[in-house]
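Undergrad: First the structure, then my questions, so here it is.
Here, each number is a calculation from the coordinates, and none is a lab measurement. None of the values given here were measured: they were computed from a predicted structure. Cβ coordinates were reconstructed from backbone atoms using ideal geometry, including for glycine residues, and neighbour counts include every protein chain displayed.
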Amino acid sequence: MSTRANALAERLEQGVRELAAFARTLTDVQWRTPVPRDGRKIGVVVHHVAYMYPIEIQLAQTVAGGKAVEGLSWDDVHTINAAHARDNEAVTREEALDLLARNSAAAAAAIRALDDADLDRAVPVSLNADAPLTCQFVLEDHAVRHAFHHLAKIRGAVGAVRRSAA
């Protein structure tokens, strides 16, 4: 196993542990609280992180395989996110955390299956203006940071609710 790939997988797992641990502390009201400037409920966002792992890993595997990512835009990502939010408006904590555990474990395993040559391979990625990006960058910018990114926004939303209740 690649030391670098294992380190990436461990960072993904760390973010998931932190997100899941925080999600377990939320009240039912907090779980249903919209994230400012996002609009999705906290619970939907936790589920979203889990839901996106297979897509993010497929993107990285495409790059690792030396195939350019073509035709994928941020508008496509926003469409996926909006559909996910509509379809999962009432997601429970148990459903979200179960999917988070399953999909993050599969994502970490897929990352660990990559070797250093895979991580170093660079191809044009349409999501990033066709810049030639490495698989490692794609992983770090998407799957690895995803839980950390949303956890920070969720903590902010919960803090705002706590401040307004005081």
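Undergrad: Using amide H atoms built in the peptide plane, which far-off residues or other-chain residues are under 5 Å from residue 133 H to H?
TA: Under 5 Å from the amide H of residue 133: 123, 125.
Undergrad: If you rank 74, 31 by fewest surrounding Cβ atoms within 10 Å, what's the result?
TA: Least crowded to most crowded, the residues run 74, 31.
Undergrad: Per residue of the range 63-76, in order, report the coupling 6.51 cos²θ - 1.76 cosθ + 1.60 (Karplus, θ = phi - 60°) as ³J(HN,Hα) in whole Hz, putting x for Gly and Pro.
TA: 5, 4, x, x, 9, 4, 8, 10, x, 9, 10, 5, 4, 4
Undergrad: Could you compute Rg(Cα) / (2.2 N^0.38 Å) for the chain, with N its residue count?
TA: Rounded to two decimals, the normalised Rg is 1.07.
Undergrad: Net charge near residue 81: determine it from the other residues with C-beta under 14 Å of the C-beta of residue 81, scoring Lys and Arg +1 and Asp and Glu -1.
TA: Around residue 81, the surrounding residues sum to -1.
Undergrad: Continuing with the same structure: What ³J(HN,Hα) values, in whole Hz, does the Karplus curve 6.51 cos²θ - 1.76 cosθ + 1.60 give for the range 38-44 when θ = phi - 60°, with x put for Gly and Pro?
TA: 10, x, 6, 5, 3, x, 5
Undergrad: A further question on this structure: Taking amide H positions as placed 1.01 Å from N in the peptide plane, with prolines and chain starts having none, which residues 5 or more places from residue 33, or on another chain, fall under 5 Å of its amide H?
TA: Those lying under 5 Å, H to H, from residue 33 are 42, 43.
Undergrad: Taking θ = phi - 60°, what integer Hz values does the Karplus form 6.51 cos²θ - 1.76 cosθ + 1.60 yield along the range 145-155, in sequence order, with x for Gly and Pro?
TA: 3J(HN,Hα) across the range 145-155, in whole Hz: 8, 4, 5, 4, 4, 6, 4, 4, 5, 5, 4.
Undergrad: Full extension from residue 55 to residue 153: what is 0.36 nm times the residue separation minus their Cα-Cα distance, to one decimal in nm? Mind dumping the intermediate values first?
TA: Details: separation 98, 0.36 × 98 = 35.28 nm, distance 2.15 nm.
Separation in residues times 0.36 nm, less the Cα-Cα distance, equals 33.1 nm.
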